[in-house]
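Below is one structure, written out as structure tokens; the observations come after it.
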Amino acid sequence: MSNPKTVAFLGLGRMGRPMAANIANAGFPVVVYNRTRSTAEDFAAATDGVKVADSPREAAAGADVVVTMLADEPALRAVYEGPQGALAGWSPHKVALDMGTTGPAGTAWLARAVGNAGGTAIDSPVSGAVKAAETAGLTLMVGGAADVVEDLRPLLESMSATIYHLGESGAGAIMKLAVNNVIYALGQAVSESLVLAECSGIDRAEAYEVFCDSAIAAPMVKYRQDNYTNPGTSITQLALTLAAKDLKLITALADEVGAPMPQAMVNLDTAVRAIDDGLGDHDMAAVAVYLRNRTSPRS
Ligand SMILES: NC(=O)c1ccc[n+]([C@@H]2O[C@H](COP(=O)([O-])OP(=O)(O)OC[C@H]3O[C@@H](n4cnc5c(N)ncnc54)[C@H](OP(=O)(O)O)[C@@H]3O)[C@@H](O)[C@H]2O)c1
């Protein structure tokens, strides 16, 4: 394959849109597919060099690389399987580059399915939220054959600031769960501490300013400031439903490999309860809203 490769991009959600835009802006011919077609049409109208496919099959058929940035494993299977799925448009030597947080089992499924069709699957989940996707500042955690990863490097670099090739297929998917476990632990801790400060009479916005100027000021704490301080009006960066999905993947992996993770269990339980309270479409920072709604004022 010679560069630039033709790219099929499947999944134009919060992260997928800026990632696909950066690929197109780097000069790769891009064909997009999104389950909700109007999203793909709006995106193509606003982005030079982008065409819309009617199905994953059509998008994959004309592409060298099929990039997926989808919610979860069921979404991945939905775009790959069936008569209109990407596998139906497959041919040997195509590469499947999955960049969503799909988890090790979904990644293994894709590697098998694509391998049986004569292709190669690379897992490359991303760290960094929408802003990092917009500025091509993502960190990529990559698993898969080294020669294929090298061949994809210009494409990977069009979306990212840092690339870690961690090993064979699945290594990226596993590393992403290790990173996200810290994200959700920090999110839970920030939520608890913010509500603790508020319950004790400290202004929410001021307490958060202190977080941002203290030893806990990780990038995630800074770029979620509006989500934590103005939960009613802030823009969702990562839906709580996706956080719970990740925590289920994390606890399942922990179970499989025998890693003790008591904190992750609590974080999952809290996320699930917050979703039961109707906060699933809100940003993951809504854990603080859930806790705030359960405070019991003392006289
Ligand atoms: N947001 C973040 O900060 C962030 C950061 C790092 C990693 N991630 C991970 O990246 C992935 C995408 O996240 P996101 O925030 O961009 O999600 P999102 O905004 O919810 O977008 C999800 C995408 O998946 C598609 N989809 C969902 N279910 C589907 C199905 N059954 N069949 C076909 N398509 C389906 C959606 O299509 P429709 O438009 O039709 O709904 C949409 O294109 C997730 O795995 C997430 O965990 C997110």
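The values are calculated or read from the model by the stated rules, or taken from the named source; none is laboratory data. These numbers were taken from a predicted model, which means no experiment stands behind them. For neighbour counting, all protein chains shown are included, and Cβ atoms are generated from backbone atoms with ideal geometry for every residue, glycine included. SASA here: full protein model, heavy atoms, side chains in, ligands and nucleic acids out. Shrake-Rupley method; radii C 1.70, N 1.55, O 1.52, S 1.80 Å.
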| Flag for P297 being free of Cβ contacts under 8 Å to residues at least 60 places away in the same chain, open to solvent by 70 Å² or more (accessible area, probe 1.4 Å) and outside the structural domain of T107 (by TED's automatic domain parsing) | no
| request: Kindly list the number of the only condition in (1) among the β-branched types (V, I, T); (2) under 17 Å from R35 (Cα atoms); (3) in contact (Cβ under 8 Å) with a residue 60 or more places away in the chain that fails for T101. | output: (2)
| request: Report, by residue number, each residue of the stretch 231-252 that is within 15 Å of the ligand (Cβ to nearest atom) and open to solvent by less than 40 Å² (accessible area, probe 1.4 Å). | output: S234, T236, Q237, A239, L240, A243, A244, K245, D246, L247, I250
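Look through the stretch 161-175, keep the residues that are aliphatic (A, V, I, L, M) and in a strand (DSSP E or B), and return whichever of them is least open to solvent (accessible area, probe 1.4 Å).
Keep residues of the stretch 161-175 that are aliphatic (A, V, I, L, M), which gives 161, 163, 166, 171, 173-175.
Keeping just the survivors that are in a strand (DSSP E or B) gives 161, 163, 166.
On the way: A161: 75, I163: 37, L166: 78 Å².
Filtering first and then ranking leaves I163.
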| Check on S158, at pLDDT 95 or above, among the hydroxyl-bearing types (S, T, Y) and over 16 Å from the mean Cα position of the chain (by Cα) | yes
| Among the residues of the stretch 120-135, is any farther than 30 Å from Q225 by Cα and of a type in the set (S, T, N, Q)? | yes
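Does V126 count as open to solvent by less than 40 Å² (accessible area, probe 1.4 Å) and within 11 Å of the ligand (Cβ to nearest atom)? Write out each step before concluding.
Working: open to solvent by less than 40 Å² (accessible area, probe 1.4 Å): yes; within 11 Å of the ligand (Cβ to nearest atom): yes.
Answer is yes for this residue.
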| query | Would the stretch 56-70 turn up any residue that is free of Cβ contacts under 8 Å to residues at least 40 places away in the same chain, touching a Pro at 6+ places or on another chain (Cβ under 6 Å) and away from the ligand (no atom under 16 Å from the Cβ)? | reply | no
| Do you know which residues across the stretch 112-130 are part of a loop (DSSP other than H, G, I, E, B) and over 15 Å from the mean Cα position of the chain (by Cα)? | A117, G118, G119
| Going by the structure shown, is A178 over 23 Å from S124 (Cβ atoms), part of a helix (DSSP H, G or I) and among the aliphatic types (A, V, I, L, M)? | no
| task | Only residues in the stretch 15-33 that are closer than 19 Å to T236 by Cβ count as the first member; pair them with residues that are among the aromatic types (F, W, Y) and at pLDDT 95 or above, Cβ under 8 angstrom, at least 6 apart or cross-chain, and list the lot. | result | G16/F9; R17/F43; M19/F9
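Scanning the stretch 92-108 for residues that are of a type in the set (G, A, S) and open to solvent by 20 Å² or more (accessible area, probe 1.4 Å), which turns out nearest to the ligand (Cβ to nearest atom)? Can you show your working first?
Narrowing the stretch 92-108 to residues of a type in the set (G, A, S): 96, 100, 103, 105-106, 108.
Applying the additional criterion that residues be open to solvent by 20 Å² or more (accessible area, probe 1.4 Å) yields 105, 108.
Numbers: A105: 14, A108: 16 Å.
Here the answer is A105.
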| said: Could you check the stretch 131-155 and list, in sequence order, the residues that are open to solvent by less than 30 Å² (accessible area, probe 1.4 Å), within 15 Å of the ligand (Cβ to nearest atom) and assigned to a helix (DSSP H, G or I)? | reply: A132, A133
| query | Is it the case that N25 is open to solvent by 20 Å² or more (accessible area, probe 1.4 Å) and within 13 Å of the ligand (Cβ to nearest atom)? | reply | no
